[in-house]
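Heads up, the thing below is written out as structure tokens.
Every number in this text was worked out from the coordinates using simple rules, so none of it is lab data. Everything quoted here is computed from the prediction, not taken from an experiment.
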């Protein structure tokens, strides 16, 4: 299941984080990082998914 979440995180980073943690602080941070740059959003999303 984590592999599917990582693939989703590469395509849509906030969706991958949402599937992992819901509407928490990590989700809003990921939206901000994705808006500032797509790559930081991906890195953060993969980190959140791999950490849990």
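Relative contact order, whole percent, for the range 2-51 stands at 42, derived from Cα pairs under 8 Å and 6 or more residues apart.
Summed over qualifying helices (DSSP H, 4 residues or more, each -39500 (n - 2.57)) and divided by its residue number, the chain shows a 222 nm mean residue ellipticity of -26500 deg cm²/dmol.
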